[in-house]
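The values are calculated or read from the model by the stated rules, or taken from the named source; none is laboratory data. Just so it is clear, the structure is predicted and the values come from calculations on it, not from any experiment. All Cβ positions, even for glycine, are placed from backbone atoms using ideal geometry, and neighbour counts span all protein chains on display.
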Amino acid sequence: MTEDQLEQEALSWLVELGYTHRFGPDIAHDGTDPQRANYRQVLLPFQLREAIARLNPEIPVAAREDALQRVMDLGIPAQLTANRAFHKLLVNGVPVQYQKDGETVGDFVRLVDWSDPARNVFWAVNQFTIKGPHHTRRPDIVLFVNGLPLVLIEIKNPADLHADLWKAYDQIQTYKEQVPDVFQYNEVLVISDGSDARLGSLSANAERFLQWRTIDGVALDPLGGFQELQTLLRGLMDPKVLLDYLRYFVLFEDDGQLVKKIAGYHQFHAVRAAIEQVVAASRTDSDAGLRGKGGVVWHTQGSGKSITMTCFAARVMQEPAMANPTIVVITDRNDLDGQLFGVFSLAQDLLREQPVQASTRQELRRLLGNRPSGGIVFATIQKFMPGEDEDMFPVLSDRHNIVVIADEAHRTQYGFEAKLKTRKTGAARPSAALTTSDGEHTSQALTAEFAPPEYTTSYQVGYAQHLRDALPKATFVAFTGTPVSSTDRDTRAVFGDYIHVYDMQQAKEDGATVAIYYESRLAKLRLKDEALPVIDDEVDELAEDEEEGAQARLKSRWAALEKVVGAEPRVASVAADLVAHFEERNKAQEGKAMVVTMSRDICVHLYDAIVQLRPEWHDPDPEKGVIKIVMTGSASDKALLRPHIYSGQTKKRLEKRFKDPADPLRLVIVRDMWLTGFDAPCVHTMYVDKPMKGHNLMQAIARVNRVFKDKQGGLVVDYIGIGNELKAAMKEYTASQGRGKPTVDAHEALAVMLEKLDLLQAMLHGFDYTGFKTGGHKVLAGAADHVLGIVPQGNDAKRDGKKRFADTALAMSKAFSLCCTLDEAKAVREEVAFLQAVKVLLTKRDTTQQKRTDAQRDAAIRQIIGQAVVSDAVVDIFDAVGLEKPNIGLLDEAFLAQVKSLPERNLAVELLERLLEGEIKSKFASNVVQQRKFSDLLAGVITRYQNRSIETAQVMEELVDMARKFREAINRGEQLGLSEDEVRFYYALIDNESAVRELADETLKKIAHELTENLRQNVSVDWAKRESVRATLRLMVKRILRKYKYPPDMQDAAVDLVLQQAEALAESWQ
């Protein structure tokens, strides 16, 4: 199948969905059905004017024309800023003013009918030519809605090994630079090579182009694994679905840098399912078991849960059945409330309303009390606590159209269970101390005992009851990154059952998250298990129902354990191991790390121990330094803590620094902050020195699972002994409708690495590379030459030895980057680096031409090589074989002689092939005849060599001879006195042997000159796609050939060749 065939098939699918197929040249200004004034116009003004009139008949013609002109000329040079401005106009309409009954009236001109897709015009246009400031480009397919180019699809040949979807991605990046205007109106970008397909936004990098794996929102890959393009088109481009998506699932965030985000398939279908459930649950006549239960959406951490919640809020607020509802967003911690509020606030364009945050209980009651409709209110769950003089929380509103969105709604405090609360008064008397020991050190933790003269008791219910009391007829919907416990009946009683699940396995398959690896460092610290007191549920959920200020009331068991964990020798030991581990980790994979400790005191002690080892990491200025502590605190804190207590604004600045991959802040120590709802993709390691379990543990470790550049996986390093808790959490995780475990032991990666290492050693059997540490490029070149000499296996295994070696080395290095801190991996690090260097030497030419993702995958591996004994830089093939890098453009005799005398014969062949292939592409890029001639010659020689039809010595002779002919061909134009364009047509003319025999060189030169002049003056944009223009040019070429009596036997072939040559030169003539 060719690229054109795939394009036609994609168009047929779109036609089945309801699009009208139009051929780009036909609707151009000079086509059979012109729809625009020139090639610079990227929208179709005739279609748009007609749609505006059809959708806005009540608005005067002059106002409609003003709206059209405003859309056609956005007047904003910045591409993404213009795109944001257009999106507002698309969704909300174009604001206009006009006179009516003597008064100025404000109104909006609709560009699209969102409620009735049939009232819009959907066109799928292929080969749509766009003329930019300096270049002319032709995207494969553009989808127009009412003349607006909203979707751009770039397709690559599915049969071409080197033309994959990432070439399509690179092509779009080129379009963005060369024909920028069309992207001002773009909503969705699609790239595909048929079997693979991805979609992304205008600002998305390659990692954020993701699959669309469903058509109906239920079945994954319904057409099979190799039909991603058809699945994407049928799943998203259906007119009704596309309009819903564009209206509610496209958002812009501007937090100092403007970013455009579009929803993934899991987010889109989760919101749709949640809307359906909420509408049903909010109805007064709904079943009692359903009423008020909007359901639970479980989307694994790192998969964009906050964006899903934002899109849901926007969608539900504009749902007609909800009649302008009020949204109440609930979290259980102040910092989480602030984080989620920040996400919503950045999405005001989508929400059409500014969210408000209740800072006190009184403000919450004021914001919700008797509110008639609308509004988005944020509050922490603790603000639903009755006052001291109240037995129950008062009713704030009994409206049915209130939707409560709960973030991470399966904490223990959401329960209904009542507990007897005793309020004690009186003076405290200290009791006996609790002594603990870690085997070497003992410490005391004081508890207090009170002797109250009197006390009062009352029953305290969970916050779920208070919420129900406050909003008795509201509908509750929950969004969670970890599954609801199978024993958590209270959460189900509030929210109902799952309505959508997107688990970690699916997220990993989609590339939405990366795997999390686990490494235990307990043995290295010699921390004995028996030294750890048992942490029961009450302690593990320490003060979880209190806000930050109240968490200072530590339980006695926690305080006792803190003394053990925070003992000075242990902290020093952890610091030394952590520094060494982090530095080792960053050799294999650049990134940042978080450290989680038990208390604020331990945070500071660990910080001091680390900077004692690395003084240069410290800086008192929050804007500088490699390491910081982020924790809560106040001015009344003790002197030990005060240097690390920052204001809210400074914390926000530290958060920005930490999220910026280029910022030197690489290590942050925390106790509770940033462990949930915090998204920093460049974080690849979390060091855990705090007892955690259940969803708290799962939330924390997910900080390292975000996709980022070449990041192979996140690593959790355990200093305290959370292994059993992690296994228990994983068991619960996989029992809750999820597929697959979220973490992988680093030793599993080690096993893979050692297996691949063994395979590479076997491939080098017969070649002695034991001296690789000191042998330099000689051993490296010898190893590469040995690999090239491996006989191919099977009919299609071109360069089988080279490919197998490269693939195996890549797999080994990826595994190594995930286990490089283990002693067994360190033991073979130099050999891994050497074998990877051999792979780089073998494939250097390919990697300069290959897809973008190859470069990303190899980035971590190049860092391994950079630290290895063998090489301090990327290996260069000329250095490897001991040659000075030549002036390749000359290919002089001295250099060719050097190549012929190289002892590594296979590598010499590879080197010559590389040089010639590069020169053919470079020198004959637009010379159709010469490029074909030399490419065929080169391919023929190499094929015979690979099939062992000729020996190495003979192929060397043939390649050297070819290099000489190549050099002569380059100089031929100068010798003939022809321009570069003229010599290209000259070669097209002499491709016919009878013409060379019958016509003198001077005559052929005259023909070449006349063809060049006439064709340059007569070709136009898109001429090659128009049969009428091609026919005119064909006739002109024939007349010139007849004029000079060009032999008639090959005249038609010559005409075809001349037109091919003209097409190759056309863009440079524009």
Practice task
Kindly indicate whether any position in segment 698-706 is modelled with pLDDT under 90, in the same structural domain as residue 605 (by TED's automatic domain parsing), surrounded by fewer than 23 Cβ atoms within 10 Å (Cβ to Cβ) and of a type in the set (Gly, Ala, Ser).
Solution key: no
Problem - Hey, residue 14 assigned by TED's automatic domain parsing to the domain that holds residue 141, surrounded by 17 or more Cβ atoms within 10 Å (Cβ to Cβ) and either assigned to a helix (DSSP H, G or I) or free of Cβ contacts under 8 Å to residues at least 40 places away in the same chain (or both) or not - result: yes
Exercise for the section: Would you be able to say whether some residue in segment 51-69 is touching an Asp or Glu at 6+ places or on another chain (Cβ under 8 Å), over 30 Å from residue 235 (Cα atoms) and surrounded by fewer than 14 Cβ atoms within 10 Å (Cβ to Cβ)? Expected result: no
Handout entry: Criterion (at pLDDT 80 or above, closer than 13 Å to residue 517 by Cβ, surrounded by fewer than 21 Cβ atoms within 10 Å (Cβ to Cβ) and assigned by TED's automatic domain parsing to the domain that holds residue 655) met by exactly one of 718, 679
Key = 718
Handout entry: Filter result for residue 290 (surrounded by fewer than 20 Cβ atoms within 10 Å (Cβ to Cβ) and more than 18 Å from residue 477 (Cα to Cα))
Key = no
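Scan segment 173-201 for residues that are part of a loop (DSSP other than H, G, I, E, B) and touching a helix residue (DSSP H, G or I) at 6+ places or on another chain (Cβ under 8 Å) and jot them down.
185, 186, 187, 193, 194, 195, 196, 201
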Handout entry: Any pair with Cβ under 8 angstrom, 6 or more apart, that starts in segment 819-836 at a residue that is basic (Lys, Arg) and ends at one that is modelled with pLDDT of 85 or more
Key = 826/584
Exercise for the section: Provide a single number: the residues in segment 137-172 that are out of contact with any strand residue (DSSP E or B) (no Cβ under 9 Å at 6 or more places or on another chain), in a loop (DSSP other than H, G, I, E, B) and either polar (S, T, N, Q) or under 17 Å from residue 250 (Cβ atoms) (or both). Expected result: 1
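Taking only segment 343-366 into account, find how many residues are assigned to a helix (DSSP H, G or I) and in contact (Cβ under 8 Å) with a residue 12 or more places away in the chain.
9
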Exercise for the section: Scan segment 605-636 for residues that are touching a strand residue (DSSP E or B) at 6+ places or on another chain (Cβ under 9 Å) and touching a residue at least 40 places away in the same chain (Cβ under 8 Å) and report the count. Expected result: 10
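If I filter segment 752-762 for residues that are touching a Pro at 6+ places or on another chain (Cβ under 9 Å), over 30 Å from residue 301 (Cβ atoms) and either surrounded by 19 or more Cβ atoms within 10 Å (Cβ to Cβ) or modelled with pLDDT of 80 or more (or both), do I get at least one hit?
no
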Completion exercise
Of the residues in segment 983-993 that are part of a helix (DSSP H, G or I) and among the charged types (D, E, K, R), the one that is surrounded by the fewest Cβ atoms within 10 Å (Cβ to Cβ) is 993
Exercise for the section: Would you please name the residue that is farthest from residue 1057 (Cα to Cα), looking only at residues in segment 970-982 that are at pLDDT 70 or above and crowded, with 18+ Cβ neighbours inside 10 Å? Expected result: 978
Exercise for the section: Kindly check whether there is at least one residue in segment 377-391 that is hydrophobic (A, V, I, L, M, F, W, C) and part of a helix (DSSP H, G or I). Expected result: yes
